[in-house]
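Quick notes on the structure that follows.
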Amino acid sequence: MISKDLFIYPSARMTQSQIPLFFTLILLALTYTFPLAAQAASFAGGPTHSAAVQMDGTVLTWGGNTSGQLGDGTTDDRFAAGLVSDESGNPLTGIKAVAVHESYTVALKSDGTVFSWGLNNLKQLGDGTSDTRYYPVQVVDAEGNPVTGIQAIALSRYTTLALKSDGSLLIWGLNLPPSPVLYKNSSPPVTPYEDGTAVAGIKAISAGTSHFMALKTDGILLAWGSNHVGQLGRPNYPHPEDGYPYPVMLDLGSFNYEPLSPVKTMAAGENHSIAVLEDGSLMAWGKNDYGQLGDGTRDDRDYPVAMRDASDNPFSANPRSLTAGERHSIIHLVNGTLLVSGMHLSYYDDELFQTLTPTLEIDPKGIPITGIEVVAASGYTFGSGHNFALQNNGNLLVWGNNNFYGQLSIETRSDYLGTFGPATVIMAADPDTPISNTMPLT
């Protein structure tokens, strides 16, 4: 148990080189785990708060709550996890997946309907209003009927993208195609268009801070939104300011229009993107200031480049999944280990804590993290993001930026609390009780 009065800060007498050691010791002291009942979970992290789905379909949230993003009817920040409920105090139930971003949360129910809460100034909640919501509200269409048939959700900073079971897409909030004006607010949801035709045949979606990707069943990857650092995988011309307000096919660069295909899976980070092809090739593009593209450089790329290994050879793998955060990329291998490129051991601006190629993630004792079943990372934060990893023994690991919001559910709020490896486990509303029975992904 961690004392509710525990607030730890580095001494002003410490040098910059001593501070990482200080927090390594602190995190080693916090290295404890509680068993979780499930073998996989649905959980998500945003800039200031986090969420998890339990086996019974209820939702737990914790962290910052300035706009009601915890869904508990208040604006009180909370270190400990608590249930999301309606205005009558009844828990939100039937949830199978949750997504979070800046000051809002969206939950997908097993019946294909969607609920949301938190900040709504740009209509990102999809309820037909721009009112901030402190309890869950249902996403509705233009007639006020519940939106149905949703299979997956992905959130950008102010926009929600949804994949329907028929392979079509819906989108609401800021940054919407097919309008020629990129920054437009919309609620109820609208359908994105590609070359004048509604986007169809989609099997997976992902969202960065202000860009989106949609993977088609034929392996073609579409992207749209902001492109100021090449996160769409093509130069800004002829859209130097607005990016692309409509989905465009990701190609191999230089406008040769040869598709980057077939893509097996992909992930969007804050301002970068990664993908693995069917042949195992790992590709990345966009912002690269911390080495998050894994190509051995810090050069931004406006076209896909191959990730490299430590010997500068093209890196290939058959990953279980890909995850992209604010300044890092995570490759979840089938053997249950994690490879990370970019800022993954601390959000300190120190070369010691950056890797420019995929590197095995380790714990504070230098031991590789193993047995990972599910991994998730947050993007667009006020540090370098935070991560979740559920091990096959039921331990839920959290590590990363905890700044002033408690999104790691530990009370050591400090700008210096960086990512020195997975070291803590989220506590539930009772500090002596772990979050358990988290819901398996489907």
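Any read-out appearing in this document is the output of simple, stated calculations on the displayed coordinates, not a laboratory observation. What you are looking at is a predicted structure, and each value in this text was computed from that prediction instead of being measured. We place every Cβ from the backbone using ideal geometry, glycine too, and count neighbours over all the protein chains shown.
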- Around Pro314 (Cβ within 10 Å, Cβ-to-Cβ, excluding Pro314; K/R +1, D/E -1) the net charge comes to -2
- Ranked list, fewest to most other Cβ atoms within 10 Å of each Cβ, for Ser85, Ser103, Ser165, Ser329: Ser165, Ser85, Ser103, Ser329
- Message: What are the ³J(HN,Hα) couplings of region 153-170, residue after residue, when phi is run through the Karplus curve with 6.51, -1.76, 1.60 and θ = phi - 60°? Round to Hz, x for glycine and proline.
- Response: 9, 8, 10, 9, 4, 9, 9, 10, 10, 10, 9, 8, 5, 8, x, 8, 10, 10
- Spin-label point model (7 Å from Cα, Cβ direction): what's the Asp195 to Asp279 distance in nm? 2.5 nm
- Query: With each label point set 7 Å from Cα along the Cα-Cβ vector, what nm distance links Glu258 and Arg298?
  - Reply: 3.3 nm
- Note on the structure: Sorted by chain and number, the residues with a modelled amide H under 5 Å from that of Tyr134, at a separation of 5 or more or across chains, are Gly118
- Query: From the cross-link list Lys96/Lys287; Lys123/Lys203; Lys203/Lys365; Lys96/Lys216; Lys164/Lys287, which pairs have alpha carbons spaced over 28 Å apart?
  - Reply: Lys96/Lys287; Lys203/Lys365; Lys164/Lys287
- Query: What is the fewest-to-most order of Tyr135, Tyr290 by other Cβ atoms lying within 10 Å of their Cβ?
  - Reply: Tyr135, Tyr290
- Message: If R₀ is 25 angstrom, what is the calculated FRET efficiency for the pair Asn90 and Ala142, using the beta carbon separation as r and rounding to 0.05?
- Response: 0.30
- Cβ-based exposure ranking for Met249, Met266, in which fewest neighbours within 10 Å come first: Met249, Met266
- Please compute the net charge surrounding Thr74, taking Lys and Arg as +1 and Asp and Glu as -1 over other residues with Cβ under 13 Å from its Cβ. -2
- Which of rounded, prolate, oblate describes region 259-345, given a ≥ b ≥ c as roots of the alpha-carbon gyration tensor eigenvalues and a/c under 1.5 marking rounded, otherwise prolate only if a/b is larger than b/c? rounded
- Item | In order through region 196-208: 3J(HN,Hα) via Karplus (6.51 cos²θ - 1.76 cosθ + 1.60), integer Hz, x for Gly, Pro | x, 10, 4, 4, 8, x, 8, 10, 7, 9, 7, 9, x
